[in-house]
1. So if I take the centroid of the Cα atoms in region B:66-134 and the same for region A:99-119, what is the distance between those two points in Å?
2. Would you tell me the mean number of C-beta atoms belonging to other protein chains that fall within 10 Å of each C-beta in B:93-105, as a whole number?
3. Where Rh is the Kirkwood radius over the Cα pairs of the protein assembly as shown, the temperature 25 °C and the viscosity 0.890 mPa s, what D in µm²/s does Stokes-Einstein return?
4. Just to be sure I understand: if I project the alpha-carbon convex hull of chain A onto a plane and average over all orientations, what area do I get in nm²?
5. Mind listing the phi-derived Karplus ³J(HN,Hα) values for region A:84-101, rounded to whole Hz, using 6.51, -1.76 and 1.60 with θ = phi - 60°, and x for any glycine or proline?
6. So what's the Cα pair-distance distribution over region B:1-83, bin width 5 Å, in %?
7. Would you mind giving the three semi-axes, in whole Å and largest first, of the ellipsoid equivalent to region A:7-133 according to its Cα gyration tensor?
8. If you consider only alpha-carbon coordinates, what radius of gyration and Dmax does region A:99-233 have, in Å?
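Where a number appears in this text, it was derived from the coordinates with a stated rule and is not lab data. What you see is a predicted model, and the numbers here were worked out from it, not measured in a lab. Heads up, the Cβs are rebuilt from the backbone with ideal geometry, glycines too, and the neighbour counts pull from every protein chain shown.
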Amino acid sequence: MSMILYHGEPNGPSLTALAMVGETGLDVDCRPIALLRGERHTIPGLTEPLARDMGLEGEGPVLVVDGEAMTESVFLAQYMDEMAGNALQPKDAYAHWQMMMWCRRITERCAPAAAFLGNKAFASPVLAAMADAEFDAAIAPIVSGDLKQRWIETRADSMTEAAVGNAMADSTTKLTAAVQMVEDQLADGREWLMGDVSIADIETYGWLAGAEALVPGVWDNRPRAAAWAARVRSRPSVAAALARATVAQPETAWAPGPEINRWG
Amino acid sequence: MSDITLYHWEPNANSGKPMLALMEKGVAFDSHYIDMLNFDQHKPEYLAINPQGTIPAMTHDTPAGRRVLVESTAIMEYVNEAFDGPALMPDNAADRWRIRWWMKFMDQWLAPSFSMFGWKYFVGPNALKAHGEAKIRAQIEAIPLPERRTAWNKAVFGLFSDAEMAESGRRIAVGIQMLEAELAKREWLASDTYSLADVNGFNLAYAMPLSQPHLANDELTPNIMRWLRAIYRRPATRACWKLGRTPMASRVEILETDYIAQKAESEGLYQLGQLGEKA
């Protein structure tokens, strides 16, 4: 059984998946793709493309196992962990529930906020500079109608100024709240979010690695969170993942991500 | 008295997921019915259990103390891991990944689209009819989560935009096609054995032949219908839906019909409205 991981620059969910390769020591063939050129949607050899086509994470990493596209960074992390001996998930059912609930707060609240701010700041100019024909070709193979729409909105700024303002303010609040949640969680002196190091640390760091550029000063006055981020960053798995960057500042590499909750 | 208490509304959607998972596992629990249309979930006695005021919630008394669990899919995973009984997650890691993927897809993409129709045509109008405008505005103000306040306001006062409804309608159509295609590949939704994805999916889909008769029926989606009927035949499913107290739960009896032909979309909206008349 071969595993191929198609990933973007080590930031967001791609950073999580790459770090999990290092944490688990699994034999995974890691292949970089240019997310903002739509290369995720032309991955060759997929017999089961559904999770790539309709996954909710947006332009996240794709792990291909026996032709099946697997997506969603938390679930990829669980899969890799379970293939390698289950060292990064609590054995106790309640502690496991706590870890999964933590990860859901990250994927449902922090991730859409980080992706919105990151795309606004760093992906919009790249897509806006593309020729129409080039952009149309990049999004042509995207199956999900709502993901394609997020690409179009990222390029064209079709939202009203007021709507952009609201979304920026809301996303800034949510990203800040995620860093504060880390700060609070570490109040009892623990080193890692769930006590022992776990998928929660890797997933959370993936989405927060670029937070400083999006909300300047967000780590200031949150010393426990800042020290935690430095600890995660210095893990060999994360350092190796970051070393795969092909750009000077991978924490500014963003591509359309998960949508902001439609219910408000 | 059991060590486990489940706070739930009708066997439907989020409440039905942990109810059915507990029954499939054969775990005895105290059932505590929360009448959502009566805003029981925002009363102090329930907020003392779950300060967010969301349903369902489960308490589990253990030697280490009382555990309070929220979020329906996460509760199901806890139930599967914490208690003996038939495994509702298979041994194969790729199958477990696929189950988690489908549950997230249903919970966050497909179910909110279904519930936009349910809230617009059923929950909102009925809450308004039962309580009157002044009382309901006060009830909504008391909801702890801002997202839930927005949802209730939109539902009760019919504020879902045409664009939002159209997008939800699009997603329902896409999602039903995805379910049909997946169930054409294997007996169960995400693995070769009955799993939490089926428990989750049944709670989402059991009433589709009534409320989406133009999209889900024996003509267009034979595999979905086979799957729904197979789950309905399970003893746990029968026992679970008996805990329903309103016509909402009895909709499941449509699955006793051997053949369901395609009907117009308007028939589904009529059925949702009727549900309110009977409630």
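1. 19 Å
2. Taking all residues of B:93-105 together, the mean is 6.
3. Using the Kirkwood radius from Cα pairs, D works out to 101 µm²/s.
4. Projected over every direction and averaged, the Cα hull of chain A covers 13.9 nm².
5. 10, x, 6, 9, 10, 10, x, 7, 5, 4, 6, 5, 5, 4, 4, 5, 5, 5
6. Reading the bins upward from 0: 3, 16, 29, 27, 17, 6, 1, 0.
7. 27, 19, 12
8. Answer for region A:99-233, Rg first and Dmax second: 17.0, 55 Å.
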